[in-house]
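The values are calculated or read from the model by the stated rules, or taken from the named source; none is laboratory data. Worth saying up front: this structure is predicted, and the values here are computed from it rather than measured. Cβ coordinates were reconstructed from backbone atoms using ideal geometry, including for glycine residues, and neighbour counts include every protein chain displayed.
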Amino acid sequence: MTGILIAVGIVALIAGLLVFIGLRNPATIDERALLSRLDELSQSGEDFDLEKIELSQPFTERVIFPIARGLGNFAVRFTPQNALLSIEKKLDLAGVSSKLDPSMILLAQFIFLGVFSGGVFLIFMIGSFRMPLGQRILLSLVFGLLGFAFPSLMLTSKINRRQKDIRRALPDALDLLTICVEAGLGFDAAMQKVAQKWQSELSLAFGVVIKEIQLGKLRKEALRDMATRVGIPEMTSFTAAVIQSEMLGVSLAKVLRIQSDQMRVKRRQRAEEEARKAPIKMLVPMGLLIFPSLMIVLLTPAALKLFHSALGDMFG
């Protein structure tokens, strides 16, 4: 039993470390750390020693993160290509493809599988559950499958939050784009203004488009890639209208104003739809929590009086 507890503790510790590493941005951290070390060495006037620079990195960057990535790449070899493409698409939609890769998600899935199944089996072993061993193993496997699906569910939740944030910010961003274009700015400069004014998922998406255009990608290709990374019909409609206006020579300001009006109408319609769904969603907590509590509060005094009356004596 002690050995099982130690094993579960080690697995949980490793899972926490890997999740902590996976949520960081290794490229940005390595670049900043490298630049800071190079600045220190250049100011001190010492000779550049690659071994010294490597040893000056934190232990997590030198040992733990490469091991975690290696384990993830090992799991990738035995994973179907369609599953990897699906995970990669989810990472793009969630906006975390620069921080995580499919190998880390696969590794997290297997770790959560072991933690969930091992933890439930340990609870069954140390608890006073009168249950056959086969049922314990079966329930542990069921919870293990839930743990395996947990990282995917977290990604789906992140995607939904990001898309909701973009839908909410898109009409205001289009208004600002329209004002900037009507004032004489180009479309790229207008997107740069939107990216600088707000700190949201939409401004980050516009910032990525600006960087891609500066690196030489065509504007229409960068806009299409942004629509693919966002994955909502409103963004697809917006990018298609901008590309068509550029190809056909239509006034971009008029197109943006029409798109802004349409996005605002859609946002109001979504708000009305959510408001109409609210009563239906309230039925479940009302039926399971509020109504039983009210019945207990209202009927308990009457039931106690009946119990102590002659009617209660009739029923024993």
Original post:
Looking at (1) within 19 Å of D188 (Cβ to Cβ); (2) at pLDDT below 90, which is the one condition that is false for A222?
Top reply: (2)
Original post:
Within the group G119, G95, which residue is assigned by TED's automatic domain parsing to the domain that holds I67 and more than 22 Å from the chain's Cα centre (by Cα)?
Top reply: G119
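When you look at L299, is it out of contact with any Gly (no Cβ under 6 Å at 6 or more places or on another chain) and either modelled with pLDDT of 85 or more or outside the structural domain of C180 (by TED's automatic domain parsing) (or both), yes or no? First the steps, then the outcome.
Working: out of contact with any Gly (no Cβ under 6 Å at 6 or more places or on another chain): yes; either modelled with pLDDT of 85 or more or outside the structural domain of C180 (by TED's automatic domain parsing) (or both): yes.
Against the criterion (out of contact with any Gly (no Cβ under 6 Å at 6 or more places or on another chain) and either modelled with pLDDT of 85 or more or outside the structural domain of C180 (by TED's automatic domain parsing) (or both)), L299 qualifies.
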**OP:** Would you please name the residue that is nearest to S97 (Cα to Cα), looking only at residues in segment 162-208 that are touching a residue at least 60 places away in the same chain (Cβ under 8 Å) and among the β-branched types (V, I, T)?
**Re:** I166
Subject >> Qualifying residue in segment 251-265 (condition: surrounded by fewer than 11 Cβ atoms within 10 Å (Cβ to Cβ) and not aliphatic (A, V, I, L, M)) >> reply: no
Subject >> Checking G144 against (1) in contact with a Phe, Trp or Tyr (Cβ under 9 Å, 6 or more places away or on another chain); (2) closer than 28 Å to S251 by Cα; (3) crowded, with 19+ Cβ neighbours inside 10 Å, the condition it does not meet >> reply: (2)
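For K211, are the conditions met, namely being under 26 Å from the mean Cα position of the chain (by Cα), surrounded by fewer than 16 Cβ atoms within 10 Å (Cβ to Cβ) and either without any contact (Cβ under 8 Å) to a residue 12 or more places away in the chain or over 28 Å from N160 (Cβ atoms) (or both)?
Details: under 26 Å from the mean Cα position of the chain (by Cα): yes; surrounded by fewer than 16 Cβ atoms within 10 Å (Cβ to Cβ): yes; either without any contact (Cβ under 8 Å) to a residue 12 or more places away in the chain or over 28 Å from N160 (Cβ atoms) (or both): yes.
Judged against the criteria, K211 is a match.
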